[in-house]
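Please read the structure below before turning to the comments.
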Amino acid sequence: MKPLNTLKISGIEALPLVEGGKGISVSNGESSGAWAAAGGIGTFSGVNADSYDADGNPIPQIYHGKTRRERHEELLAYAIKGGITQAKIAYEASNGHGRIHMNVLWEMAGAERVLHGVLEGAKGMIHGVTCGAGMPYKIAEICAHYGLHYYPIVSSARAFRALWKRAYHKFHDLLGGVVYEDPWLAGGHNGLSNVEDPKQPQDPYPRVLELRKLMRDECGLAETPIIMAGGVWYLREWDHWIGNPEMGPVAFQFGTRPLLTQESPISDAWKQRLLHLNEGDVYLNRFSPTGFYSSAVSNPFLDELKARAEHQVAYSQSKVGEHEWPFPVGARGRLVYLTAADKLRAQSWVDQGLTEALRTPDSTLIFVRPEKANEILTDQINCMGCLSQCQFSNWSQNEQGTTGRKADPRSFCIQKTLQEISHSDKIDDQLMFAGHNAYRFRDDPFYSNGFIPTVKQLVERLVTGD
């Protein structure tokens, strides 16, 4: 492998190895501080991060507000306090080495308020902000206010062009790098668009080269690093990217491999599951209440969501065309109309115990068991507004507090499940994000006999190309 030289990132020369900022409490101050201490770029998640009591135990995020708006305010208070806490831990753990970045999702609740709150409360401890899951136009202005570098996450040159023209050209001096996230291989939420086929992965090289040409020819950003994210395992597999004049300065972001370190805060059960995955066990799906595609480990949680989608029929409020067969819905038995074939299917599901028919925003019914229907409705009622807008609960942070559409029972409360998997060993019935290369843990000799390295050992290994 070609020598891996340092790059200037967020104001200093550092290893071009970036820790991906992963979800709720999965990339925290301890893990990101250790990554920075090893000479790279540590990234803690600023999405509803943990804060701790006097004994060092995570403070449960319990909501007391009677309305969604009240609970939303509680959530933002938790998020700001937790983000400041993790920044302090990361800064102290880094021992002044590397760089500490904060990762946020633009579509998370109150993204701007959380950013201002954390960056104000942790001045001098955070050196950059990465931001994706949406079109974060304002991230540049916010970071400029604090003199910090910003790192947008995009999955196409087209997306970056829109960001550049609308906002980033005004703050080009603080654009620390552009993260290209492979939408077919990255874990968690990704940028797969409606014009791209989820079943037809594309080679990242020409897509990133298109991004580089845009940055160089239209934006004057020839020396601004591109950070490749998604599908990165061995650097030797990216040798043709390193030192390539056509590609320009490039760094690499690792999201999945840092999960399996001693400093990683995920449970031992989660770590053991990662060690035994098979190829294809990570599933690209569109169940997320954000509306984005995301990638997660196939487990009973995802199986149940697949079943909801499969136990689904279209209905009409009145007799129209082939929708002429009456079917009672709900406790009051209000009639809707199905086709003859769908009525037979619906009745067969009811006979199997899927007796509750729930309406979706798309004029369909899904059939679930009574206990699942109760869980869905309870979670929708308990919504705390964790997203800027949520398909599952129909929450929106706008003045009306709603998306204006029906709540969608085909999705789930993402805050609830990510909190649960982050703070317990309940991995089968929760959402478990991971990149599509996670199956490589099983056969990578570095992890033989269940070996789990420290972050320092992992970074040292990555530098060798392995």
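The values are calculated or read from the model by the stated rules, or taken from the named source; none is laboratory data. Predicted model only: the values in this text are computed from it and were never measured. Cβ placement follows ideal geometry from the backbone for every residue including glycine, while neighbour counts extend to all protein chains displayed. Ligands, DNA and RNA are excluded from the accessible area calculation, which covers all protein heavy atoms including side chains. Shrake-Rupley method; radii C 1.70, N 1.55, O 1.52, S 1.80 Å.
Before moving on, here are some points about what is shown:
- Within segment 123-139, the residues that satisfy the criterion of being open to solvent by less than 10 Å² (accessible area, probe 1.4 Å), over 16 Å from the mean Cα position of the chain (by Cα) and more than 16 Å from residue 225 (Cβ to Cβ) are 126, 139.
- Tally, over segment 307-361, of residues that are more than 30 Å from residue 291 (Cα to Cα) and acidic (Asp, Glu): 3
Let's see how each residue does on (1) exposed (fewer than 15 other Cβ atoms within 10 Å of the Cβ); (2) at pLDDT below 95; (3) over 19 Å from the mean Cα position of the chain (by Cα):
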| position | (1), (2), (3) |
| --- | --- |
| 268 | yes, no, yes |
| 272 | yes, no, yes |
| 283 | no, yes, no |
| 287 | no, yes, no |
| 301 | no, no, no |
| 307 | no, no, yes |
| 312 | no, no, yes |
| 319 | yes, yes, yes |
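- The listed residues are 215, 228, and the only one of them that is open to solvent by less than 20 Å² (accessible area, probe 1.4 Å), in contact with a Pro (Cβ under 8 Å, 6 or more places away or on another chain) and under 24 Å from residue 11 (Cα atoms) turns out to be 228.
- Exactly one residue out of 406, 416 is within 16 Å of the chain's Cα centre (by Cα) and open to solvent by 60 Å² or more (accessible area, probe 1.4 Å), and it is 416.
- Residue in segment 192-204 that is touching a Pro at 6+ places or on another chain (Cβ under 6 Å), open to solvent by 20 Å² or more (accessible area, probe 1.4 Å) and at negative phi present: no
- Among the criteria (1) over 19 Å from residue 40 (Cβ atoms); (2) among the aliphatic types (A, V, I, L, M); (3) surrounded by 23 or more Cβ atoms within 10 Å (Cβ to Cβ), the one residue 142 does not fulfil is (3).
- Applying a threshold of 9 Å to beta carbon distances and a minimum spacing of six or more residues, or different chains, the list of pairs starting in segment 25-49 at a residue that is under 18 Å from residue 262 (Cβ atoms) and free of Cβ contacts under 8 Å to residues at least 60 places away in the same chain and ending at one that is in a strand (DSSP E or B) and β-branched (Val, Ile, Thr) reads 42/18; 42/100; 44/100.
- Checking each residue in segment 362-380 for being open to solvent by 60 Å² or more (accessible area, probe 1.4 Å), outside any loop (DSSP other than H, G, I, E, B) and acidic (Asp, Glu) picks out 371, 375.
- Every residue from segment 66-101 that is open to solvent by less than 30 Å² (accessible area, probe 1.4 Å) and among the small types (Gly, Ala, Ser): 79, 82, 83, 87, 90, 94, 98
- For the residues 198, 183, the requirement of being in a loop (DSSP other than H, G, I, E, B) and touching a Lys or Arg at 6+ places or on another chain (Cβ under 9 Å) singles out 198.
- Flag if residue 402 is more than 25 Å from residue 27 (Cα to Cα) and not in a loop (DSSP other than H, G, I, E, B): no
- All of (1) of a type in the set (Phe, Trp, Tyr); (2) surrounded by fewer than 22 Cβ atoms within 10 Å (Cβ to Cβ); (3) within 27 Å of the chain's Cα centre (by Cα) hold for residue 337 with one exception: (3).
- Helices (runs of 4 or more DSSP H) contained entirely in segment 257-361, each with at least 1 residues that are farther than 30 Å from residue 50 by Cα: 300-310, 340-351
- Residues that are among the aliphatic types (A, V, I, L, M) and out of contact with any helix residue (DSSP H, G or I) (no Cβ under 8 Å at 6 or more places or on another chain) within segment 186-213 comprise 186, 192, 195, 208, 209, listed in sequence order.
- Qualifying residue in segment 19-39 (condition: charged (D, E, K, R), modelled with pLDDT of 95 or more and surrounded by 15 or more Cβ atoms within 10 Å (Cβ to Cβ)): yes
- Annotation note: Cβ proximity below 7 Å between a residue of segment 203-216 that is more than 19 Å from residue 168 (Cβ to Cβ) and a residue that is open to solvent by 30 Å² or more (accessible area, probe 1.4 Å) (sequence gap 6+ or interchain) occurs for 209/246.
- Listed by first and then second residue, the pairs with beta-carbon distance under 8 Å, at least 6 apart or on different chains, first residue in segment 445-466 and under 11 Å from residue 257 (Cα atoms), second basic (Lys, Arg) and open to solvent by less than 40 Å² (accessible area, probe 1.4 Å), are 452/271; 458/257; 462/257.
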